Ligand code: GDP
Ligand code: MG
């Protein structure tokens with residue numbers, strides 16, 4: 001339930017606070033200007049004062065999205081989105097770099113890949129995979145807590161010379177909680193001290209039963225340093241993706257999730273967005289979290305300007321009015337007014353929430369003193 005500070009409500013109606021408080025009293029509500037009232041009460045007051053009520057809520061956006069139910073024939077298969085997790089120093093960054101570099105060397109134009117927080121590679125058998133370049137459990141959970149579940153497959157990296165460690169277990173729990181399938185990459189197999197069997201046995205104790213132990217979780221022995229097993233890892237991902245039958249409708253208004261965002265000195269606010277459904281195009285009007293904008297340019301993971309980005313494609317989006325946060329959801333809207341209205345509504349709602357939290361603490365402190 002949404003709430004608003006009495007003072008803020010008066011402020012927004014441009015009415016005197018005392019009059020609003022009095023009106024509330026007449027309705028039998030004894031509140032001060034520093035207390036909050038719920039949205040329904042606020043609506044009554046607003047009407048009482050002869051104003052019009054327009055409630056814009058997040059669900060308006062979601063309604064727009066939900067209204068368009070995808071027809072089965074409109075669904076097309078899309079690349080899987082992969083997040084890499086595991087204990088610190090077990091080689092997450094090294095594996096991501098090794099995969100990216102191997103692919104670039106394998107003949108992609110441009111050579112040096114621009115770093116945009118996510119990238120796509122093609123396996124030898126031709127499957128496209130989208131990697132989130134933000135290893136770390138914090139990113140995974142904060143995205144999830146903001147309602148953006150973007151990951152289809154988790155790569156659990158375990159160093160063969162160190163085996164299962166606290167953050168390995170944490171990663172297992174995150175993947176299980178999110179109901180995302182895992183593939184185990186047993187890394188650093190080039191090291192003399194490597195003991196992949198120990199890794200498998202210890203994973204078993206945490207109910208991760210790999211294929212080598214007659215389970216269903218794929219496990220691949222790799223080395224980010226020598227490149228051993230990396231192609232096999234990519235094919236394991238492709239196989240897992242095939243089982244998941246991931247689909248999206250590229251023909252609808254785009255929705256995506258912000259992977260990262262920053263204020264760029266030259267280009268203004270820039271967000272890396274992973275398109276989840278629909279196709280994002282240059283010129284599209286959108287709302288993203290508390291920000292809005294019009295796509296001025298789209299830049300892919302190779303630093304090239306592109307006209308559009310379909311499902312599972314990561315792109316940099318230029319043309320925002322402000323910097324959104326990682327995990328914010330982007331929705332293309334029909335009109336500029338719609339986008340702005342929703343963004344402003346969200347911004348206000350966030351402010352109200354903070355104010356209400358502040359007011360509650362003050363009240364609590366008062367009560368404690370009394
Ligand atoms: P992260 O913390 O999981 O991202 O781990 P890093 O990728 O930063 O790797 C931690 C350390 O392990 C670095 O010194 C890497 O060079 C080293 N390392 C990563 N992968 C391998 C590997 O396959 N073999 C060996 N010998 N060292 C590795
Ligand atoms: Mg790292």
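Observations, loosely collected:
- Scan of region 131-165 for residues that are in a helix (DSSP H, G or I) and either within 16 Å of ligand 2 (Cβ to nearest atom) or in contact with a helix residue (DSSP H, G or I) (Cβ under 8 Å, 6 or more places away or on another chain) (or both), ordered by number: 137, 138, 139, 140, 141, 144
- Selected residue (only one of 70, 40 is modelled with pLDDT under 90, away from ligand 2 (no atom under 16 Å from the Cβ), over 20 Å from the mean Cα position of the chain (by Cα) and part of a loop (DSSP other than H, G, I, E, B)): 70
- Residues within region 248-283 that are in a loop (DSSP other than H, G, I, E, B), under 25 Å from residue 70 (Cβ atoms) and free of Cβ contacts under 8 Å to residues at least 40 places away in the same chain, tallied: 2
- Checked against the criteria, residue 318 does not count as crowded, with 17+ Cβ neighbours inside 10 Å, farther than 18 Å from residue 9 by Cβ and without any contact (Cβ under 8 Å) to a residue 24 or more places away in the chain.
- Every residue from region 189-214 that is assigned to a loop (DSSP other than H, G, I, E, B) and touching a helix residue (DSSP H, G or I) at 6+ places or on another chain (Cβ under 9 Å): 189, 206, 207, 208, 209
- Residues being surrounded by fewer than 19 Cβ atoms within 10 Å (Cβ to Cβ), part of a helix (DSSP H, G or I) and more than 16 Å from ligand 1 (Cβ to nearest atom) - total across region 215-237: 1
- Of all residues in region 164-173 being surrounded by fewer than 20 Cβ atoms within 10 Å (Cβ to Cβ) and within 14 Å of ligand 1 (Cβ to nearest atom), the one that is farthest from residue 235 (Cα to Cα): 166
- The condition of being touching a helix residue (DSSP H, G or I) at 6+ places or on another chain (Cβ under 7 Å), more than 20 Å from residue 258 (Cα to Cα) and within 16 Å of ligand 2 (Cβ to nearest atom) holds for only one of 170, 124, 221, that being 170.
- Summed over region 108-131, the residues that are at pLDDT 50 or above, surrounded by fewer than 13 Cβ atoms within 10 Å (Cβ to Cβ) and at positive phi give a count of 1.
- Residues of region 144-155 satisfying the condition of being closer than 20 Å to residue 246 by Cα and either in contact with a strand residue (DSSP E or B) (Cβ under 9 Å, 6 or more places away or on another chain) or surrounded by fewer than 16 Cβ atoms within 10 Å (Cβ to Cβ) (or both): 147, 148, 149, 150, 151, 152, 153, 154, 155
The values are calculated or read from the model by the stated rules, or taken from the named source; none is laboratory data. Note that the coordinates shown come from a computational prediction; the quantities given were computed from them, not determined experimentally. Counting neighbours? That spans all protein chains shown, and the Cβs are built from the backbone with ideal geometry, glycine included.
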